[in-house]
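One structure is given here, and the rest of the page talks about it.
The values are calculated or read from the model by the stated rules, or taken from the named source; none is laboratory data. Here the structure is a predicted model, which means the values were calculated and not measured. Here the Cβ positions follow ideal geometry from the backbone for every residue, glycine too, while neighbour counts run over all protein chains shown.
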Amino acid sequence: MEPQYDFGGQAALVTGAASGMGLATAIAFAKAGAAVTLADIDLDAVKKARDQLLADGHRAIAVRCDVSDESDVEAMVAAAVDAFGRLDMAFNSAGIQSPATDAADESAEVFDRVNAINLRGVWASMKHELRQMRQQGSGAIVNCSSLGGLVGNPGRSAYHGSKHGVIGMTRSAALEYASRGVRINAICPGTIDTPMVQSMVESGDLDLDECIAALPIGRLGTADEIASSVLWLCSPGAAFVVGVALPVDGGWTAQ
Amino acid sequence: MTNPTNPTFEGKVVFLTGAGNGIGRATAVAFARAGASLALVDIDEAATEKTAQLVVEAGGKPIGLRADVRSEADIKAALGKTVREFDKLDIAFNNVGRDQRVAPLADSTEEEWRFIYDVNVTSMFLCMRNEIPIMLEKGGGVIVNTASGAGLIGIKGTAMYATAKHAVVGLTRSAALDYADKGIRINAVAPGIIETDMMRRVSGGTEEGRANMVAEEPIGRLGQPEEIASAVLWLASEGSSFAIGTTLVVDGGHTIR
């Protein structure tokens, strides 16, 4: 039986909530009783998800946010707090992949873009979420790293660099806030069946059959499997879990 | 800790070693509250009996089994009784572990080395070696092994224990890969400094010793056995269905400094 959580009376914020793991996690938070702020650069998509959640009787708002723009991030957190009065949980999942490239051929523009979203975006999100949470003296943040935060992969130096960075940032911020009631952890999803992975397959960057054959579990993960991990990390049961980079990857990094 | 809110393990059978105290006892009670049937295994029968009482109070129906997990014959017998009683095996929590006498490496003895390695590592190997065939026959299962923060970092004066716990991490990873596509998920939990009898031994059992330990903790307190139980239950649940070969660290931030 899938574990069910009760986040009634709490407020959650999810970046990258338009699709994939972010969307699945926002829906899971709502089903567990939390009021949810769905943030994404694709406003139409989060509005649609919000409307569905409202129709199902949940509390939700949709916010446009480009996480590479700190003023957008500040406004996003302000909107969440305006709407629900507090911020208890945040899943900073907005991220992009870049085309596989020989490290010697990577352009600075692509490198900067990947890091602006995957690394600085998580930094800015965490910064403004923490300003609210330290005032409350409570909160739980989960940053989305990746199996790319733990191991290398040819052609992926920009992405893997950014995802390794998320772990270092998570650990240091976690230590700052461990004794102040705010828990910060990272999750390291493996290859998950999301629009991002689908687009890598379509562009020829990823051979799906090869990828599945190389996964110890023999299948892709689902967005719901990441959502259930994020919810556990945010739950009171994880009260002693601080600064971890939790692999949820079907065994990829165990090998 | 009220989450999760549902009886996640209704109808599930759990084989749990080191059931007589600390983390094992708290995890047994947590599984019972979540609806599981339990085979409680420990070398100390009186301690197992005490855990069994707590499990009954939590609404569970346990059987208590004496086994020295260094002995494959004991493990086989305990697993045989478990399957005869409950007809299957869904979850195994291989949790037996022992601390070492704190001493610089050159002051430790070969006898101590063999004892620490047998209790902490050989026991895990022997348990998994006998649990896995039963799980394969019954269509799958989940295994959680107890590693430690000492499985990830070095700790002065405990080279033997740290070696053994590092081995548990490696054993878990490799075994997980062997069975990832065969319906058995294997992961480890790595507790930090948890308020148990073992920790009271390590800290010398004094208030000063305890205060020194707390001062080392980023979170400013020791962990409670229930907080490890919660992690074990998550790893044993369908909520972690894509976690394979993971070592879930539950240590209040101790090992990330």
Next on the checklist: What pairs come out if I take residues in region A:222-236 that are within 9 Å of another protein chain (Cβ to nearest Cβ) and pair them with residues that are hydroxyl-bearing (Ser, Thr, Tyr) whose C-beta lies under 7 Å away, six or more apart or interchain?
Outcome noted: A:Glu225/B:Ser241; A:Ile226/A:Thr25; A:Ser229/B:Ser240; A:Leu231/A:Tyr5; A:Ser235/A:Tyr5; A:Pro236/B:Thr2
Item to check | Matching option when the condition is part of a loop (DSSP other than H, G, I, E, B) and either within 10 Å of another protein chain (Cβ to nearest Cβ) or touching a residue at least 40 places away in the same chain (Cβ under 8 Å) (or both), among A:Gly152, A:Gly250, A:Gly204 | outcome: A:Gly250
Checklist entry - Which pairs have Cβ atoms under 7 Å, sit 6 or more apart or on different chains, and link a residue in region B:88-106 that is without any contact (Cβ under 8 Å) to a residue 12 or more places away in the chain to one that is surrounded by fewer than 24 Cβ atoms within 10 Å (Cβ to Cβ)? => result B:Arg101/B:Glu112
Next on the checklist: Name the residue that is farthest from A:Gly218 (Cα to Cα), counting only residues in region B:232-257 that are more than 7 Å from chain A (Cβ to nearest Cβ) and part of a helix (DSSP H, G or I).
Outcome noted: B:His254
Checklist outcome for this item: Among residues of region B:200-222 being β-branched (Val, Ile, Thr) and within 19 Å of B:Lys156 (Cα to Cα), the residue surrounded by the fewest Cβ atoms within 10 Å (Cβ to Cβ) is B:Val214
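Can you confirm whether B:Thr82 is modelled with pLDDT of 95 or more and out of contact with any helix residue (DSSP H, G or I) (no Cβ under 7 Å at 6 or more places or on another chain)?
Working: modelled with pLDDT of 95 or more: yes; out of contact with any helix residue (DSSP H, G or I) (no Cβ under 7 Å at 6 or more places or on another chain): yes.
Taking the combined requirement at face value, the residue satisfies it.
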Item to check | Residue selected from region B:105-127 under the condition buried (at least 23 other Cβ atoms within 10 Å of the Cβ) and not polar (S, T, N, Q), by the criterion farthest from the chain's Cα centre (by Cα) | outcome: B:Ile116
Next on the checklist: Checking the conditions here, which among B:Gly170, B:Gly154, B:Gly205 is at pLDDT 95 or above, outside any helix (DSSP H, G or I) and either under 26 Å from B:Phe115 (Cα atoms) or within 13 Å of chain A (Cβ to nearest Cβ) (or both)?
Outcome noted: B:Gly154
Checklist entry - Just for region A:84-112: of the residues that are touching a residue at least 24 places away in the same chain (Cβ under 8 Å) and part of a helix (DSSP H, G or I), which one is surrounded by the most Cβ atoms within 10 Å (Cβ to Cβ)? => result A:Phe84
Checklist entry - Any residue in region A:159-172 that is under 25 Å from A:Ala30 (Cα atoms) and of a type in the set (A, V, I, L, M)? => result no
